[in-house]
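Asks: Let me begin by handing over the structure; questions about it come next.
The values are calculated or read from the model by the stated rules, or taken from the named source; none is laboratory data. It should be emphasised that the depicted structure is a prediction, and the values quoted were computed from it without experimental measurement. We place every Cβ from the backbone using ideal geometry, glycine too, and count neighbours over all the protein chains shown. Only protein heavy atoms, including side chains, enter the accessible area calculation; ligands, DNA and RNA are left aside. Shrake-Rupley method; radii C 1.70, N 1.55, O 1.52, S 1.80 Å.
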Amino acid sequence: PGWLLSSAGRPYLDSILHKNQRRVFGLLERPALPPALTVPTVTYKLFLAGRSGVGKTALVAWLGGTPAPPAHHETLG
């Protein structure tokens, strides 16, 4: 349970801290790690389908860690 505080986990913890507080990441983001701490990355694609105005763009914005658009805007596909 205390792995991040161990000497092996400390570099990973340092990469996700900003001003000594944990940086908030979206589900599709990851921290920028130094080259010596590379971890395997899995690539994938998301396919979202739905009726107009149901929140597909807001969902993608939320997953990416960016604020959802404050107003409704029609997007293509």
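Asks: Is it fair to say Ala49 is small (Gly, Ala, Ser) and not in a loop (DSSP other than H, G, I, E, B)? Let's see the steps before the verdict.
Replies: Values: small (Gly, Ala, Ser): yes; not in a loop (DSSP other than H, G, I, E, B): no.
In short, no.
Asks: Which pairs have Cβ atoms under 9 Å, sit 6 or more apart or on different chains, and link a residue in region 36-47 that is over 23 Å from Asp14 (Cβ atoms) to one that is open to solvent by less than 100 Å² (accessible area, probe 1.4 Å) and assigned to a loop (DSSP other than H, G, I, E, B)?
Replies: Leu46/Leu28
Asks: Let me ask something else about it. Inspect region 47-55 for any residue being at pLDDT 75 or above, more than 14 Å from the chain's Cα centre (by Cα) and of a type in the set (Phe, Trp, Tyr) and give the result as yes or no.
Replies: Yes, region 47-55 contains a residue that is at pLDDT 75 or above, more than 14 Å from the chain's Cα centre (by Cα) and of a type in the set (Phe, Trp, Tyr).
Asks: Kindly check whether there is at least one residue in region 31-46 that is under 28 Å from His72 (Cα atoms), of a type outside the set (A, V, I, L, M), at pLDDT 70 or above and open to solvent by 70 Å² or more (accessible area, probe 1.4 Å).
Replies: Yes, the conditions are met somewhere in region 31-46.
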